[in-house]
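Structure first, commentary second.
The values are calculated or read from the model by the stated rules, or taken from the named source; none is laboratory data. Predicted, not measured: the structure shown is a model, and the values here were computed from it. All Cβ positions, glycine included, derive from the backbone under ideal geometry; neighbour counts span all protein chains shown.
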Amino acid sequence: MVAPSKLFGYPISHIPCANIVHSQPNQSCTQALLWNLYRNHVSSAKYYLPTLVLMPLILNWRRLSKRRLWSTVRNYLDTMFFASTMNALTLYLICAWRRLNRRFVYLCTPFLSCYLAAQINWLAPPKVVQFFVTGMTHAAMEAVLRQMNAGLVRSRPAQTLLFMLSSLLVLRQQQKRIYSGFWFIKPDQMPLDYSKWPILRRLKQASLELCTYLGMGLIMDLFNALMRGNLKKFKIKSTSFIVTYMGIYKLVQVLVAGKLELNQTNLLAAFLSGASYGLFSHIPISYMCFAVVIAIQALYQQLCKVDATHNKRLAALQPIPWAKLLIPPAMAYLTNCMFYEQHVLSGLAKSFIDDTCDNNVRRIYTIINQPVEAILKIAQAGPKTNFLF
């Protein structure tokens, strides 16, 4: 197999970009860009349709309105456009750097190219930016942990503790109506007289709420099987986790109500219910990384609402667009790993990158990891256009 360093040594480094980067024969770099823009939109449309359109509409069908429908469709189109454009520009910049340096350079293939292409996120709507920064940063966190072979990757108790703390922080912010973004569960607000309810009434209320999450989990597992294209792979992984998570939360509320104040009961339930992460071996470390990222976002939202009139440092910190600053390096790092160290990436990260760019990254990865002789044969196999315009 070709080590990544060999790709940047003579003679492989001097192979025209058309033989490696372009997805179609006899294309110039600009023609390849236009082709990739078209193909990326097709693949991104398929990839994001279940997540950003079908699932939100099914889960919110009772509250469906023209305004909500248009907002969902617009968010889907915006996300598809920016993902497709970012991926196409990354490959185009790899070609441009190849032409400028007259060879492939490690920093530019693809880290710097992707970093520059991801600057398009400054033009993206807030919802799209939030979607990308959440997906990119938690995937990058997991990849860094795996690349460093950190002990956290092998310690399920430590992961569970972090998830429990994140659960406590996020659900606390939900109860205070500071954070309203995505989380695994969103318990209903309990009435002030909840502690006076008979236990049977509490159990009935908890059962009704659990039924809702049972349906949500089944829908998520069904969509997961459909995205894989095989209903035989339908498993209730998400359902078991979400129902257990919510079940522990409600059980703590039912048993502790009246012994503690309502706020303290909710905090205890939020923390203990996070232990559901450690009860299932099939729950990946991605859930823990995702939980940590969401917890940081929730805390930062609270920080941004603090009055900073008399605090110059806080006033300077609040307007910094961290999301837009984090997307380019996180995306560049993940794409670089996708080219050379795919073993550190989660399956979600791989699909997030590859399935939105018409499998171009997977194709390039396959080419550059072939034996030297095979790559040289590809370079000599017929004429291929090799110019920018």
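The set of residues in the range 159-180 that are in a loop (DSSP other than H, G, I, E, B) and farther than 24 Å from CYS211 by Cβ comprises LYS176, ARG177, ILE178, TYR179. A residue that is among the hydrophobic types (A, V, I, L, M, F, W, C), exposed (fewer than 15 other Cβ atoms within 10 Å of the Cβ) and out of contact with any helix residue (DSSP H, G or I) (no Cβ under 6 Å at 6 or more places or on another chain) can be found somewhere in the range 101-112.
Do we find that TYR38 is within 28 Å of the chain's Cα centre (by Cα), in a helix (DSSP H, G or I) and either crowded, with 17+ Cβ neighbours inside 10 Å or not aromatic (Phe, Trp, Tyr) (or both) in this structure? Judged against the criteria, TYR38 is not a match.
The requirement of being of a type outside the set (Lys, Arg), more than 23 Å from LEU123 (Cα to Cα) and assigned by TED's automatic domain parsing to the domain that holds PHE339 is satisfied by PRO56. So for the range 38-45 (the condition being under 27 Å from THR134 (Cα atoms) and either free of Cβ contacts under 8 Å to residues at least 12 places away in the same chain or in contact with a Pro (Cβ under 8 Å, 6 or more places away or on another chain) (or both)), does at least one residue qualify? Yes, that holds for at least one residue. Within the range 90-103, the only residue that satisfies the criterion of being touching a residue at least 40 places away in the same chain (Cβ under 8 Å) and either polar (S, T, N, Q) or not assigned by TED's automatic domain parsing to the domain that holds SER13 (or both) is THR90.
Every test in (1) free of Cβ contacts under 8 Å to residues at least 12 places away in the same chain; (2) assigned by TED's automatic domain parsing to the domain that holds THR109; (3) not hydroxyl-bearing (Ser, Thr, Tyr) is passed by VAL344 save one, and that test is (1).
Yes or no, residue by residue, for (1) under 12 Å from LEU169 (Cα atoms); (2) assigned by TED's automatic domain parsing to the domain that holds THR239:
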{"position": "ASN266", "(1), (2)": "yes, yes"}
{"position": "LEU279", "(1), (2)": "no, yes"}
{"position": "HIS282", "(1), (2)": "no, yes"}
{"position": "MET288", "(1), (2)": "no, yes"}
{"position": "ILE296", "(1), (2)": "yes, yes"}
{"position": "GLN302", "(1), (2)": "yes, yes"}
{"position": "ILE327", "(1), (2)": "no, no"}
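Before we move on, is PHE290 under 21 Å from MET141 (Cβ atoms), without any contact (Cβ under 8 Å) to a residue 60 or more places away in the chain and aromatic (Phe, Trp, Tyr)? In short, no.
Here ALA150, ALA117 are screened, and the one residue that is under 24 Å from GLN342 (Cβ atoms), at pLDDT 95 or above and not charged (D, E, K, R) is ALA117. Looking across the range 122-133 at every residue that is crowded, with 18+ Cβ neighbours inside 10 Å and not aliphatic (A, V, I, L, M), the one that is farthest from VAL73 (Cα to Cα) is identified as PHE132. When we screen ALA291, ALA315 for residues that are assigned to a helix (DSSP H, G or I), surrounded by fewer than 16 Cβ atoms within 10 Å (Cβ to Cβ) and either of a type in the set (Gly, Ala, Ser) or touching a His at 6+ places or on another chain (Cβ under 6 Å) (or both), the only hit is ALA315.
With the condition kept exactly as written, say whether any residue in the range 251-263 is crowded, with 21+ Cβ neighbours inside 10 Å and either part of a strand (DSSP E or B) or among the aromatic types (Phe, Trp, Tyr) (or both). No: the range 251-263 contains no residue that is crowded, with 21+ Cβ neighbours inside 10 Å and either part of a strand (DSSP E or B) or among the aromatic types (Phe, Trp, Tyr) (or both). Any idea which residue in the range 56-89 is surrounded by the most Cβ atoms within 10 Å (Cβ to Cβ), counting only those that are in contact (Cβ under 8 Å) with a residue 24 or more places away in the chain, over 17 Å from GLN130 (Cβ atoms) and over 16 Å from the mean Cα position of the chain (by Cα)? If we take residues in the range 56-89 being in contact (Cβ under 8 Å) with a residue 24 or more places away in the chain, over 17 Å from GLN130 (Cβ atoms) and over 16 Å from the mean Cα position of the chain (by Cα), then ALA88 is surrounded by the most Cβ atoms within 10 Å (Cβ to Cβ).
HIS22 passes every criterion in (1) surrounded by fewer than 18 Cβ atoms within 10 Å (Cβ to Cβ); (2) modelled with pLDDT under 90; (3) under 22 Å from SER351 (Cα atoms); (4) not small (Gly, Ala, Ser) apart from (1). Given the conditions (1) modelled with pLDDT of 85 or more; (2) more than 15 Å from HIS138 (Cα to Cα); (3) touching a Lys or Arg at 6+ places or on another chain (Cβ under 7 Å), and given that VAL372 satisfies all but one, which numbered condition is not satisfied? Checking VAL372 against (1) modelled with pLDDT of 85 or more; (2) more than 15 Å from HIS138 (Cα to Cα); (3) touching a Lys or Arg at 6+ places or on another chain (Cβ under 7 Å), the one that fails is (1).
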